[in-house]
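A short write-up of the structure that comes next.
What follows is calculated from the coordinates using simple rules that are stated; it is not laboratory data. None of these values were measured; they are calculated from a predicted model. Cβ sites come from the backbone with ideal geometry, for glycine too, and all protein chains shown count toward neighbours.
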Amino acid sequence: MFPGSVVTVNNQIRSAAQLEGVAVLDVTSPVVAVDGTWTPGYSDDGEQPNASGATLMIEAAVSQFTNILGTSNVAR
């Protein structure tokens, strides 16, 4: 999914955001392995999520939006 350099940059973004108190949505953790490759079953081509991968990514985004904004502010 993501070459090592992209994983490194994403981690730097997360760290900087945390220091500044800025929320960052992490939609890739549910579907990728530690090395940045797709977890088996979540991509058919190794580049984009398949339906299962996309569903997990959407669920992660909704969950994180809910935590950031509160449940009354998240449309379903």
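Start at zero, step by 10 Å, and the Cα-Cα distances of the chain spread as 19, 42, 32, 7 percent across the bins. If the chain linking F65 and D35 were pulled fully straight, counting 0.36 nm for each residue of separation and taking away their Cα-Cα distance, it would gain 8.2 nm. From helices alone, the chain scores -16000 deg cm²/dmol at 222 nm; the rule is -39500 (n - 2.57) for each run of n ≥ 4 DSSP H residues, then divide by the residue total.
Relative contact order (percent) for the chain, with alpha-carbon contacts under 8 angstrom and 6 or more residues of separation?
On the way: 60 pairs, mean separation 22.4, N = 76.
Computed over the chain, the figure is 29 percent.
Modelled spin labels at L19 and T55, positioned 7 Å past Cα toward Cβ, are 4.0 nm from each other.
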